[in-house]
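Here the structure comes first, spelled out in structure tokens, and everything after it is commentary.
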Amino acid sequence: MYILRSFQYSFCRIMFLVSILKLTATYTNCLCLNINYFFVIKFEMLNWRKKKPSQNVQHKYSDCQGDQENRQVYFRVIRFNDKEQFKKKSNRIKTAKYGILSFLPLFIIDQLIKFSNQFFLFISILQQIPDASPVGRFTTLLPLTIKFGFSAIKSIIQDLIKHIKDYKVNHKYVEVLRNGILVQERWSEIGIGDIIKVKNNNIIPADLVLLSSSELHGICHIETKHLDGEHNLKIRQCVKETSYCKELKDLIDLNGIIECELPNKLFYNFLGRLKIMNNNPIPLDNKQFLLRGSILRNSKWIYGVVIYSGHETKIMINKSLRSVLKESAMGKIQNSLLKMIFLLIFLLSITCALCSLWWIKNSTNKYWYLEQRDVNAYTFLLQSISFFVIFHNTIPVSYVYIEVVRFLQAWFINNDIDMYHEESNTPAKVRSRYLNVELAKVKYIFSDKTGTLTKNIMKLKHCSIAGELYPEGSQNKMIYNLINHSTKNYILEFLRIMSVCHTVIPEKSKLTDEIVYNASSPDEQALVIGSQQFGFTFHTRCPTSVTITTLNGEETYEILNILEFTNSRKRMSVVVRTPDGQIKLFCKGADTSIVKRLSKSGEKHKNQTLMHLNDFARSGYRTLCFAYKNITESFYNKWKDEYLKASVVLINRESAKNKVAEKIEKKLTLIGVTAIENKLQDNVPKTIQSLMCAAIKIWILTGDKEETALNIGLSTTLITQDSSIIIFDETKLTDLRHTINQKMYNLGNTIETMNCTLIISGRFLKHALSSDLKMKFLKFCLNCKSVICYRISPKQKAEIVDLVTKYTNEVTLAISDGANDVPMLHKASIGVGVVGLDGLKAYNASDYSIAQFNYLLKLLFVHGAWNYEKIIKMIYFYHYKTVVFNSLQLWFAIYSGWSGQVLFDRWNIFTYKSFHYQL
């Protein structure tokens, strides 16, 4: 029993040591990472005891329209220019993980998280039991120590680099307003509520709200390529109430409060409100928000108030969040296989130990030169441990090899010249190399349309105004109609909406003196450029007005309100005061959103206009409806107050603004529609044909209307001449139930053989996914060769992908270029981001990134197939090798009287293990 007790004591000591190290690491890490916050809390408690309420940071309940649920949500109150306030200096950052005291416990815990290290540590413990290890006490411990040593050196070097970078960042200087003068302060000394001055080409040290800038109208440009990889400059503009603060005396006299949401990870969202003195609150959003790490460009200087600092800034919060890695099916199978092998080794060790007892009992007396041993529990335990140590080499060293192979596979994808897009200077990029083998097993592909299948370079092709068609090249006809035609007023209003209803920023090119339009949407840019063809040129934007040049001279429109486009609204409106003093609402958007808001008198040209719109959609064009409304002064003043209140709430602001916008966006007059061309990317039809020939089912998910969806299906060859088309567009649950049952009964099991394409509307999908018919409907969809979903929201896209992925257990791939489709990329087994004109949010959030849709062919058919084949062969070879190795040990055990001795020299085994680890 001595050996058993020795083993128990050794095991207990090790577990006790691990527990002590874990506790020490936890408390040391908390102390190292949160020491600044400790002192801040201490100081705040001292101030509270001294009854000093004038602190620059407070947290209060939300006052969101009396909603009891929302009242439980806190928001932050920041006072700036308060001389009595306590400054919370927490802008110091620490990205380094280890400290002098915390390195050893944290490093050991990090290593013991890995299953392979836990396993070999367990083997090392078993080998320390006297007479239990036939290969010595150090054959596993020494290579494990060597591996830990190399890992420790690597971790120290990496962490030392981070410490140096942290020191440089924390010791950068910026100008801060202190006691009426600007002084140089380290970044680490900046406090929430401080007003700082950032100069051109300098990095912004904390998350700020813009107060003023050196440029006209308080505009500045920032570069965020170090944050999101986008090289285009972003425009930010302060509110007009603070834009005058260009001198120190103005800033000193500026006292106010900023109320904003608590620190969060939402990189491109910000909600707040500004209160100056006793004036009404002013809404703040992302237009006034400057992120830490962005660079100021094309502006001499800016002034801003620190909102979030240090580890509360959005960039630091996102860095601290661990990204959830998708696990491949191969990895799951491998983990299950390792568990089975572990159980097999355990059973084999017990079997060999039993055979040893049998041999001792029946054969020991025949061999006088062997040591006599008793047949008891002690001998059985000793022999079981010995055989377990002998056979343990089967687990799990293969992980080391597989990681090296995955790294090389990712390197080959990243450096594939055939997947490099020279025009945008964009190579392919792998972010989840664990999914390399899954590329060959893709069964379903879910693709967005705009920017993914198309180039997203848009051009205005046709117009329909007051029921009359103006095709491309008919500028002279429209200009002639402006002179003496019954639709003259409609044409003028149409062109005014095109050139006024948008958020485009014009800039004059320094080289050609031409106007360059910076637009958040390619649609808006195409409309503004298109209006120039008809003599209406937009050239100046001020905070409260826009100026256009018409055939009769310049016209300036005062911008009273902008009701921005959202996925739920599907429209955009501006409330303007015209040069003659009238108040009008200009609106553009999807036909489903505009038509139902028309007045009876505004439907005069509705039928003819919708006929043209359907013709445009069938030709594959993107369509937008244009409408307007005259507004009385009294109605506007009443509505304006309601909208202002909705604009300053901190919880559910978008929903509150939409409710108020509904009150003014009704009883509209329809003017016309536009057709915008968005050409397909190169080789899209060929790519889709090849994917379908490989038995991959393709779903196109788009927000466009039905005719456009049908056209994209035809132009991409997703719908062929011999395809049968089934359209689901029912809006009532009873009709939906009847349609699904009837279709399934009529077609039976012949849907796939009939080469069927299913066309589904968003409103039908809404009911289908929420009813008891969901699984029946899904099964019907999966039997079709291809599916096109139109008029669906980004949320519905994610729901579809998630449902198919979970129900089928097949490998699904989602591909898109838009930020709205990031949830869809996350729900799929593999998310592929495409470089587009809508930014790099989808590109950066994906598992694999490519520049063009047609690069999918090589990614799946070449790299995917090769990766799968190589990994499979490697795993087979490794397990074959280990089986052969252990079979020799088992065969030797039979001829060595089940003594638990090894066939190979212990130093050969040690060299083998060391080579394994170092590889």
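What to note about this one:
- Residue, modelled with the lowest pLDDT, within the range 426-455, restricted to residues that are within 25 Å of LYS697 (Cβ to Cβ) and polar (S, T, N, Q): THR450
- Output for the range 438-454, where each listed residue is within 22 Å of the chain's Cα centre (by Cα) and of a type outside the set (Phe, Trp, Tyr): GLU438, LEU439, VAL442, ILE445, SER447, ASP448, LYS449, THR450, GLY451, THR452, LEU453, THR454
- All conditions but one from (1) closer than 30 Å to GLN852 by Cα; (2) in contact (Cβ under 8 Å) with a residue 60 or more places away in the chain apply to ILE688; the one that does not is (2).
- Matching residues, the range 493-521, being of a type in the set (S, T, N, Q) and open to solvent by less than 20 Å² (accessible area, probe 1.4 Å): SER499
- Lone qualifier among TYR480, TYR420 - being open to solvent by 60 Å² or more (accessible area, probe 1.4 Å), under 29 Å from ALA329 (Cα atoms) and either over 40 Å from the mean Cα position of the chain (by Cα) or of a type outside the set (A, V, I, L, M) (or both): TYR420
- Residue count for the range 342-382, restricted to those that are closer than 25 Å to LEU888 by Cβ, among the β-branched types (Val, Ile, Thr) and open to solvent by 20 Å² or more (accessible area, probe 1.4 Å): 2.
- Test: residue in the range 303-325 that is without any contact (Cβ under 8 Å) to a residue 24 or more places away in the chain, polar (S, T, N, Q), open to solvent by 10 Å² or more (accessible area, probe 1.4 Å) and closer than 27 Å to LYS841 by Cα: yes
Okay, residues lined up against (1) acidic (Asp, Glu); (2) out of contact with any strand residue (DSSP E or B) (no Cβ under 6 Å at 6 or more places or on another chain); (3) not in a loop (DSSP other than H, G, I, E, B):
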position: GLU677; (1), (2), (3): yes, no, yes
position: THR687; (1), (2), (3): no, yes, yes
position: ALA695; (1), (2), (3): no, yes, no
position: TRP699; (1), (2), (3): no, no, yes
position: GLU707; (1), (2), (3): yes, yes, yes
position: LEU710; (1), (2), (3): no, yes, yes
position: GLY713; (1), (2), (3): no, no, yes
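- Verdict on LEU551 being touching a Leu at 6+ places or on another chain (Cβ under 9 Å) and open to solvent by 40 Å² or more (accessible area, probe 1.4 Å): yes
- Complete set of residues in the range 573-586 that are outside any loop (DSSP other than H, G, I, E, B) and open to solvent by 10 Å² or more (accessible area, probe 1.4 Å): ARG577, LYS584
For every residue, the table says whether it meets (1) of a type outside the set (A, V, I, L, M, F, W, C); (2) open to solvent by less than 10 Å² (accessible area, probe 1.4 Å).
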| position | (1), (2) |
| --- | --- |
| VAL660 | no, no |
| ILE671 | no, yes |
| VAL684 | no, yes |
| ASP722 | yes, no |
| THR734 | yes, no |
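- Residues located in the range 858-873, provided they are open to solvent by less than 30 Å² (accessible area, probe 1.4 Å) and more than 19 Å from PRO685 (Cα to Cα): HIS863, GLY864, ASN867, ILE871
- Restricting attention to the range 587-603, the residues being in a loop (DSSP other than H, G, I, E, B) and either touching a residue at least 60 places away in the same chain (Cβ under 8 Å) or open to solvent by less than 70 Å² (accessible area, probe 1.4 Å) (or both) number 2.
- Some residue of the range 664-671 being more than 30 Å from GLU706 (Cα to Cα), at pLDDT below 95 and of a type in the set (Asp, Glu): no
- The set of residues in the range 509-543 that are of a type in the set (Gly, Ala, Ser) and either on the phi > 0 side of the Ramachandran plot or in contact with an Asp or Glu (Cβ under 9 Å, 6 or more places away or on another chain) (or both) comprises SER520, SER521, ALA526, GLY535.
Quick grid of which residues meet (1) crowded, with 21+ Cβ neighbours inside 10 Å; (2) over 19 Å from TYR308 (Cβ atoms):
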| residue | (1), (2) |
| --- | --- |
| ILE153 | no, yes |
| GLN158 | no, yes |
| ASP194 | yes, no |
| ASP207 | yes, no |
| SER213 | yes, yes |
| THR224 | yes, no |
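- Of everything in the range 799-840 that is of a type in the set (D, E, K, R) and crowded, with 24+ Cβ neighbours inside 10 Å, the residue that is nearest to the chain's Cα centre (by Cα) is ASP821.
- Cβ-Cβ contacts under 7 Å between residues 6 or more apart (or on different chains), taken from a first residue in the range 715-735 that is within 28 Å of LYS679 (Cβ to Cβ) and of a type in the set (A, V, I, L, M, F, W, C) to a second residue that is part of a loop (DSSP other than H, G, I, E, B) and open to solvent by less than 70 Å² (accessible area, probe 1.4 Å), are listed as ILE725/ILE719.
- The residues on offer are PRO130, PRO105, PRO143, PRO53, and the sole one that is at pLDDT below 80 and open to solvent by less than 20 Å² (accessible area, probe 1.4 Å) is PRO143.
- Among the residues listed as TYR880, TYR876, TYR843, TYR855, the single one being part of a helix (DSSP H, G or I), open to solvent by less than 60 Å² (accessible area, probe 1.4 Å) and modelled with pLDDT under 90: TYR843
- Hey, TYR434 over 23 Å from THR623 (Cα atoms), of a type outside the set (A, V, I, L, M, F, W, C), in contact with a Gly (Cβ under 8 Å, 6 or more places away or on another chain) and open to solvent by 50 Å² or more (accessible area, probe 1.4 Å) or not: yes
- So SER655, is it under 25 Å from LEU262 (Cβ atoms) and open to solvent by 10 Å² or more (accessible area, probe 1.4 Å): yes
- Test: residue in the range 242-251 that is surrounded by fewer than 15 Cβ atoms within 10 Å (Cβ to Cβ) and either of a type in the set (Gly, Ala, Ser) or closer than 30 Å to ALA842 by Cα (or both): no
- Count of the range 760-807 residues which are assigned to a helix (DSSP H, G or I), closer than 19 Å to ILE445 by Cα and charged (D, E, K, R): 6
- For the range 264-288, filtered to residues that are more than 15 Å from LEU644 (Cβ to Cβ), part of a loop (DSSP other than H, G, I, E, B) and free of Cβ contacts under 8 Å to residues at least 60 places away in the same chain, the residue that is least open to solvent (accessible area, probe 1.4 Å) is PHE270.
- Members of the range 525-548 found to be open to solvent by less than 20 Å² (accessible area, probe 1.4 Å) and under 24 Å from THR454 (Cα atoms), listed by number: ALA526, LEU527, VAL528, GLY530, SER531
- Checked against (1) in contact with a Phe, Trp or Tyr (Cβ under 7 Å, 6 or more places away or on another chain); (2) open to solvent by less than 10 Å² (accessible area, probe 1.4 Å), GLU706 passes all but a single condition, namely (2).
The values are calculated or read from the model by the stated rules, or taken from the named source; none is laboratory data. Here the structure is a predicted model, which is why all the values come from computation and not from measurement. Because the Cβ atoms are built from the backbone with ideal geometry, glycine has one as well, and the counts that use them run over all protein chains shown. In case anyone asks, the SASA skips ligands and DNA or RNA and just uses the protein heavy atoms, side chains included. Shrake-Rupley method; radii C 1.70, N 1.55, O 1.52, S 1.80 Å.
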